Amino acid sequence: MKGEFYIIGNSGEKTLSGKVVISGAKNDMVNAFAASLLMKGDLFVRNVPDVSDTEAMAALLSSLGGSVKRTATHEYKLNTGACAGSNLRGDIAKSIRASILYAGPLLARFGLVSFPFPGGCVIGKRPIDLFISGFMKMGARVSEKDGIFSIRAPRGGKIRGASIFFKRQSVTATETFMLAAVCADGTTVIKNAACEPEIAHLAEFLNSCGARIKGAGTSMIEIAGTGLLSAGKKIYDILPDRVEAGSFAILGALAARSLTIERCIPAHFEALIEALIEAGVDIKAGENTLVVRNSKRGRPFRAVDVKTHEYPGFATDLQAPMAVFLTQAEGEAIVFETIFEGRLGYVGELIRMGADILPLDQHRIQIKGGAELKGREVESPDLRAGLAYIIAAIVAKGDSVVHNAHYIDRGYERIEERLRAIGVKIERKP
Ligand code: EPU
């Protein structure tokens with residue numbers, strides 16, 4: 001499913017209505033696939049999003065010798081009993097940053113792993129120094145030749161538990177070392193660990209299979225090495241995508257009479273909800289639903305400053321959609337992207353659409369709200385900014401074309417169908 005999206009904007013009218021059901025989170029799906037390498041038998045995974053990153057994770061696991069069966073829509077059966085190799089296939093591994101998650105359990109299980117510098121969305125330099133130093137702390141030797149990293153466990157083939165302090169909180173590094181530590185000798189402590197819900201969820205699942213992980217979801221995680229685990233009858237149920245849910249909340253505020261967002265966990269994107277409430281958006285959050293409404297005589301939204309932060313702060317993945325929201329609010333706001341140094345690259349196209357945005361430096365922009373957006377032809381630079389462009393195109397006056405649909409397909413399932421169902425005029429063209 002490639003191509004581009006054609007969107008007819010609604011000129012700022014709040015006409016959309018209905019409900020959207022949130023898909024499983026891409027960033028939890030990757031954990032389930034990586035966790036399969038720690039399982040003795042079958043691992044059943046449910047609520048798997050039908051997105052191209054799932055295909056990439058599945059293809060990589062198959063190329064390692066794993067069995068990947070799609071048992072139903074959104075369901076997979078994974079079995080890694082026949083995995084023998086531990087070289088991550090370069091072409092696939094380079095296309096998705098999360099491919100590096102496989103490195104942890106592969107190293108722990110086979111004593112060696114090799115992989116290319118992982119790819120993914122271009123939103124900054126995205127180095128892998130935390131991974132390299134972590135593997136070395138666990139006793140592994142690391143070498144690099146022609147862009148391929150080879151990591152080898154010490155003599156005896158087993159990595160050792162270690163105390164690993166991350167100089168930056170990293171989601172994927174936290175997950176990778178949690179997975180590696182399950183099959184290491186001894187106990188590992190991860191300090192300054194990331195606290196995202198997907199990390200706690202992965203730990204909870206591993207613990208239900210016999211792992212001994214304490215503290216996941218906080219900045220200090222302790223993992224006692226236990227060896228391979230038994231999933232038994234347990235099923236990895238992928239969490240609802242908090243970024244997708246948050247993006248729909250923004251869309252609802254900008255363009256809907258009433259939008260119900262179902263099967264989401266509002267507690268996982270509270271920072272966004274609070275920012276929208278502060279801006280004057282009418283939001284009602286339940287345990288698993290969120291309703292956004294606009295009354296006919298609603299007042300304009302107010303500008304709020306946004307600073308991205310590790311969880312539970314304002315998610316960097318919601319920064320671009322929030323910037324689109326702020327182009328429509330009254331007043332001036334500063335958006336400060338603190339996590340990635342290349343995540344404001346989408347701003348130029350929004351300015352071409354009529355947004356009043358002043359780039360201040362690599363990390364900060366100033367948005368003057370109340371601008372009328374006009375339909376344009378734009379190129380998505382990455383997944384999350386791609387959806388932000390779709391939201392901008394929906395709000396705009398006139399027609400837009402959003403190119404690079406393949407970025408959006410990495411993380412959003414059948415986005416055009418789901419948007420059409422709430423009244424968006426959108427089509428995909430090959
Ligand atoms: N970092 C380093 N060295 C490392 C690893 C990370 O300096 O070895 C830096 C990064 O460059 C960044 C910061 O640490 O400046 C945090 O990055 P992190 O490692 O947490 O990002 P990630 O694990 O690669 C995950 C999500 C991203 C999301 C970020 C931040 C997955 C598969 N990806 O990436 O999601 O933006 O955390 O929350 O979980 C997306 O879904 O579109 C996406 C990019």
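Among the DSSP beta bridges whose two residues both lie in the range 197-295, what percent are antiparallel, rounded to the nearest 5?
Antiparallel bridges: around 90 percent, rounded to the nearest 5.
Hey, rough spin-label estimate for residue 208 and residue 421, points 7 angstrom out along Cα→Cβ, what's it come to in nanometres?
Result: 2.5 nm between the two label points.
Rounded, prolate or oblate: which fits the range 69-109, taking a ≥ b ≥ c as square roots of the Cα gyration tensor eigenvalues, rounded meaning a/c under 1.5, else prolate when a/b beats b/c?
oblate
Calculated from DSSP H runs of 4 or more alone, at -39500 (n - 2.57) each and per residue, what is the 222 nm mean residue ellipticity of the chain, nearest 500?
Working: 14 runs with 129 residues, N = 430.
Helices in the chain give a 222 nm mean residue ellipticity of -8500 deg cm²/dmol.
May I ask you to list the aspartates and glutamates whose Cα is less than 13 Å away from that of residue 26, ignoring any residue fewer than eight positions away on the same chain?
Cα-Cα hits under 13 Å: 50, 53, 55, 198, 237, 241, 244, 317, 409, 413.
If you take the square roots of the eigenvalues of the alpha-carbon gyration tensor of the chain and sort them as a ≥ b ≥ c, do you get rounded (a/c under 1.5), prolate (a/b over b/c) or oblate?
It comes out prolate by the Cα gyration axes.
Got a sec? How would 199, 96 order by Cβ neighbour count within 10 Å, fewest to most?
Listing 199, 96 from fewest to most nearby Cβ atoms yields 96, 199.
Restricting to the chain, compute how many DSSP beta bridges are antiparallel as a %, nearest 5.
Rounded to the nearest five, the antiparallel share is 70 percent.
For the range 243-297 and the range 350-428, write down the distance between their C-alpha centroids in whole Å.
After rounding, the separation between the Cα centres reads 18 Å.
Given charges of +1 on the Cβ of Lys and Arg and -1 on the Cβ of Asp and Glu, with all other atoms neutral, how large is the dipole of the chain about its Cα centre, in debye to the nearest 20?
On the way: 54 positive and 47 negative charges, 168 e Å.
My answer is approximately 800 debye.
Can you grab the distance from the C-alpha centre of the range 17-90 to the C-alpha centre of the range 113-188, Å, no decimals?
Result: 21 Å between the Cα centres.
For the range 271-430, just say rounded, prolate or oblate: build the C-alpha gyration tensor, square-root its eigenvalues into a ≥ b ≥ c, call rounded for a/c under 1.5, and beyond that prolate if a/b exceeds b/c, oblate if not.
Note, shape of the range 271-430 comes out rounded.
Normalised by the residues of the chain, what does the relative contact order come to in percent, with Cα pairs under 8 Å and at least six apart?
After rounding, I find 22 percent.
What FRET efficiency comes out for the pair residue 46/residue 297, r = Cβ-Cβ distance, R0 = 35 Å, nearest 0.05?
0.20
Could you name the lysines in cross-link range of residue 14, using Cα to Cα under 25 Å and dropping any fewer than eight places away on the same chain?
Correct list for residue 14: 284, 296, 368, 374, 397, 425.
Antiparallel DSSP bridges in the range 331-430: what percent, to the nearest 5?
Bridges in the range 331-430 are about 70 percent antiparallel.
At a 10 angstrom cut-off on C-beta neighbours, averaged per residue, how do the peptides 278-289, 378-389 rank from highest to lowest?
Details: 278-289: 15.5, 378-389: 25.9.
Order by mean packing, descending: 378-389, 278-289.
Fewest Cβ neighbours within 10 Å first, please rank 131, 44 accordingly.
44, 131
How would 53, 91 line up from fewest to most surrounding beta-carbon atoms within 10 angstrom?
91, 53
Among 77/158; 2/94; 158/233, which pairs are too far apart, with a Cα-Cα distance over 26 Å? If you can, show how the numbers build up before the last one.
Values: 77/158 28 Å; 2/94 19 Å; 158/233 29 Å.
Over 26 Å Cα-Cα: 77/158; 158/233.
What does the charge dipole of the range 121-249 about its Cα centre add up to, to the nearest 20 debye, if the Cβ of each Lys and Arg holds +1 and the Cβ of each Asp and Glu holds -1? If you can, show how the numbers build up before the last one.
Details: 17 positive and 12 negative charges, 124 e Å.
For this selection, approximately 600 debye.
Computed from the coordinates by the stated procedures, all read-outs in this text should not be read as laboratory data. Since the structure is predicted, the reported quantities are computational estimates derived from the model, not experimental observations. Cβ sites come from the backbone with ideal geometry, for glycine too, and all protein chains shown count toward neighbours.
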